[in-house]
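Worksheet: one structure, shown below.
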Amino acid sequence: MQRIVKVLSLAVFLLSLQAVAADKAPEWKPLELPKEIATKQEIVTTPAGWTCAKEAHPNVLSSVSISEGPPEDQATLVYDDETKNMGKIVATWKFDADSKERYWISCRYSGTDIMVKKALPEGVRELRIFYDDGVKTDGMPTVEKIEYR
């Protein structure tokens, strides 16, 4: 009986520690991305015998990548964890607190080779991207939202 009481006391203690640790974890904050950009494209050389025409198509967000340092350094990171449930995907990156580089996010858009990029806020330790695998943009799951802490 005493052993059961000790085990239960230990379990309650460990759960209370976990609750305290969870209370101290920073809250997730939303990271807003440009869902669409406007571009201007021009043909360099029109092939002989052809004419050029333009069609207006939106350039919508098609993919996101995370890098350690500016994207041009090509240090793209793979997520640390991925969960899939009922057509939804959540990819999570966990960042090294000792990194001397800032972490960056890059956005690519349909119908263009234009990319927009920016450094993530200083001190970011985790980032989650939520995707809808049932809706594709340029063959990729659609980004629904991004959070960091």
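Quick note: the coordinates plus some simple rules give every number you see, no bench work behind them. No experiment lies behind these values; they were computed from the predicted model shown. A quick note on method: Cβ atoms are made from the backbone with ideal geometry, for glycine too, and the neighbour counts reach across all protein chains shown.
Miscellaneous remarks
- Entries of Lys35/Lys136; Lys88/Lys145; Lys29/Lys145 with Cα pairs more than 22 Å apart: none
- Across segment 28-148, Cα pairs under 8 Å and at least six residues apart give a relative contact order of 29 percent.
- Summed side-chain charge close to Lys84 - residues other than Lys84 whose Cβ falls under 12 Å, Lys, Arg +1, Asp, Glu -1: -3
- Candidate aspartates and glutamates - alpha carbon under 15 Å from Lys84, same-chain residues fewer than 8 apart omitted: Asp132, Asp133, Glu144
- Cross-link partners of Lys54 among lysines, defined as those whose alpha carbon lies under 20 angstrom from its own and excluding same-chain residues fewer than eight positions apart: Lys40.
- Asp96/Ile37 FRET efficiency (R0 41 Å; Cβ-Cβ; nearest 0.05): 0.85
- 5 angstrom amide H check on Asp133, placed H, neighbours 5+ away: Lys88, Ile89
- Hull volume in cubic angstrom per residue (convex hull over the Cα atoms of segment 87-149): 86 Å³
- Computed over the alpha carbons of segment 28-148, Rg followed by Dmax gives 17.1, 59 Å.
- Our coupling estimate for segment 124-131, obtained by passing each phi through the Karplus curve with A = 6.51, B = -1.76, C = 1.60 and θ = phi - 60°, is 5, 10, 8, 9, 10, 10, 9, 10 Hz, Gly and Pro reported as x.
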